[in-house]
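See structure below.
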């Protein structure tokens, strides 16, 4: 059997390479819409401990009471039909350790996305999530022997309930925001990672999230704990088919970097342009720890995502490097949040956005230095590249510095591609589209060079594809 | 034996930007292996000539022809001209932040040379030799194209591209401006090695005669008010150096009245 590709969908997809969908063969599918009953059913289905059920219910009640955000793209947010979304959908009964055991159509999907191949070549471990549940999961044996835990979140809760209970919602409380509350109420899948003291995971671990069904809500929950002096690089990729109706992706990611630990979390989200991507990502860095968010937003209809770091321990460091590409009908509202709570903490934010064909890119950033935090250094750079007159870029930078010893730097720039730059590259044998892709990829380069090479190459190809047909 | 097809032939070229005419009837023939120089003051139409040969979209040709080996250049897009063998060394090379020099050179050579492009070790060795000849350090390769380059570095980088792309026709627009004497000597040596003893032709556009002492053009043309007002051998440059452009101004006015 091969993956059935719906021709209509394929045509609608155009250049979006990941836009095909499989026939829906769900084993469990909830009705559309959300209620306390649905929340309890999800928890019961998963056989969760009582405290988790209660956390979910509390979060659900908060979600209902909490108004929609009154900032960001409120216009598009108001269009979300919470009753038209399926909150839980299971397509496979188990999380497999061998690709051969994954149901064939789902396996084919991940094959087409190149996941098993990448796993063999350059990854320490992989988890692949399809709709609500992880369908495949593996980790290299040597890491397992060193005590590294890399599981999907549901297995994490089953096998390590004490660790999960200690840290779950400790970084992003269930009352944090409407979408974090929603995620806490209906979460399913995601990754659970624990790196023991002093262990360095040299090759990245990767999670891949795929939404296949229409009007689907994917609410994965990720918790990463790096114990003292350890390090890990987690990579996340996401795609979905192109449908005419919308899907919702609302994840919560919590990172805990204990003293001296280093967590790098890299994302390239390439959701199709019918996905709302409303994600809360936050980490706490203890003494001398380091947290880096490398965050690429290429797809989705509306993304609202502001990776955050709380610099709790002295001498800790935060970095948020992000790029956003907004094409036709897209709004990337992205940025960063850093709280300097301790002395001698440092942070760096680099945000780059490109808008084209009427797309809209916004940088929204908040850097806070608390009164007690002495000698902090913070650096914010945001650059926007606008490719045509219809497109838009906005910057909303906020700095609240309550300690006078802080050293703050902020730079912002908005630029256009000049005809002379294009002519220069064309005179070296590059067509106008190639020239534009070279300029655009150059603009993203400070981000791209932070990615594993395989991802960097893919991102460059993706952007070259986006530049096709843009001239004339 | 028939006549040699000229490498570059410009016939009665009238061109400008928008409504304002800049070139008012230029004729120029460069044969394979020849080096010609166009001299003239600011605003005389030198850079316009270079940009029109390369196909800058801002310029409009009202009348006339530009042929490369008998082939109509004006019909071609800039990248097609580059692939046909035209090269322009820019007066103001553009910075492309984030695009690494090494990567850019490899892509440009493969785009222009296609299947004939040197690959792998062969490319690296050609590149190494060319960089050595131009006194360019290896660290240059990981910098971004023209980004934060000094004036001299930009000009050397243009000549490096000339050596790697091996065009049929090299147009050098003010490549000597902003260079010290050593810089001029290095750049001139690069131009000589790209042209001398090959069928490549060159058109050197300059204010001053200094670079011409090192490159020794076969013909010199003086451009004034969008027209070529004088052509001659190397002695013309010496005469200009002595008498300045006024001498020709007076001469061309007198001829215009006659």
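The values are calculated or read from the model by the stated rules, or taken from the named source; none is laboratory data. Just so it is clear, the model here is predicted, and its values are computed rather than measured. Neighbour counts are summed over all protein chains in view; Cβ atoms, including those assigned to glycine, are modelled from backbone coordinates with ideal geometry.
Set side by side, the residues B:52, B:96 differ, and just one is over 27 Å from residue B:144 (Cα atoms), within 14 Å of chain A (Cβ to nearest Cβ) and not in a strand (DSSP E or B), which is B:52. Checking the stated criteria, residue B:187 turns out to be at pLDDT below 95, buried (at least 23 other Cβ atoms within 10 Å of the Cβ) and outside any loop (DSSP other than H, G, I, E, B). Take residue A:394 and decide whether it is out of contact with any helix residue (DSSP H, G or I) (no Cβ under 9 Å at 6 or more places or on another chain) and within 14 Å of another protein chain (Cβ to nearest Cβ). Judged against the criteria, residue A:394 is not a match.
Evaluate the following for residue A:384: is it touching a helix residue (DSSP H, G or I) at 6+ places or on another chain (Cβ under 6 Å) and either under 15 Å from residue B:97 (Cα atoms) or at pLDDT below 90 (or both)? Here the answer is no, as residue A:384 does not meet what is asked. Out of the residues in segment B:125-164 that are in a loop (DSSP other than H, G, I, E, B) and without any contact (Cβ under 8 Å) to a residue 12 or more places away in the chain, which is nearest to residue B:205 (Cα to Cα)? For segment B:125-164, the residue satisfying everything is B:150.
Which of the residues belonging to segment A:174-190 are more than 16 Å from residue A:30 (Cβ to Cβ) and not in a helix (DSSP H, G or I)? A:174, A:175, A:176, A:177, A:190, listed by residue number.
The test for being under 19 Å from the mean Cα position of the chain (by Cα), within 26 Å of residue A:443 (Cα to Cα), surrounded by 17 or more Cβ atoms within 10 Å (Cβ to Cβ) and within 13 Å of chain A (Cβ to nearest Cβ) does not hold for residue B:169. The number of residues in segment A:264-290 that are within 15 Å of the chain's Cα centre (by Cα) and in a strand (DSSP E or B) comes to 15. Within segment A:446-467, being facing chain B (nearest Cβ under 10 Å), in a helix (DSSP H, G or I) and surrounded by fewer than 21 Cβ atoms within 10 Å (Cβ to Cβ) holds for one residue alone: A:446. Taken as a whole, the structure places residue A:422 among residues that are closer than 21 Å to residue A:327 by Cβ, more than 31 Å from the chain's Cα centre (by Cα) and part of a helix (DSSP H, G or I).
When residues of segment A:415-443 are filtered for being more than 7 Å from chain B (Cβ to nearest Cβ), surrounded by 23 or more Cβ atoms within 10 Å (Cβ to Cβ) and touching a strand residue (DSSP E or B) at 6+ places or on another chain (Cβ under 7 Å), how many remain? Residues flagged as more than 7 Å from chain B (Cβ to nearest Cβ), surrounded by 23 or more Cβ atoms within 10 Å (Cβ to Cβ) and touching a strand residue (DSSP E or B) at 6+ places or on another chain (Cβ under 7 Å) within segment A:415-443 amount to 1. Quick one: residue B:155 ticks every box in (1) more than 9 Å from chain A (Cβ to nearest Cβ); (2) surrounded by fewer than 22 Cβ atoms within 10 Å (Cβ to Cβ) except a single one, so which number is it? Here residue B:155 clears every test but (2).
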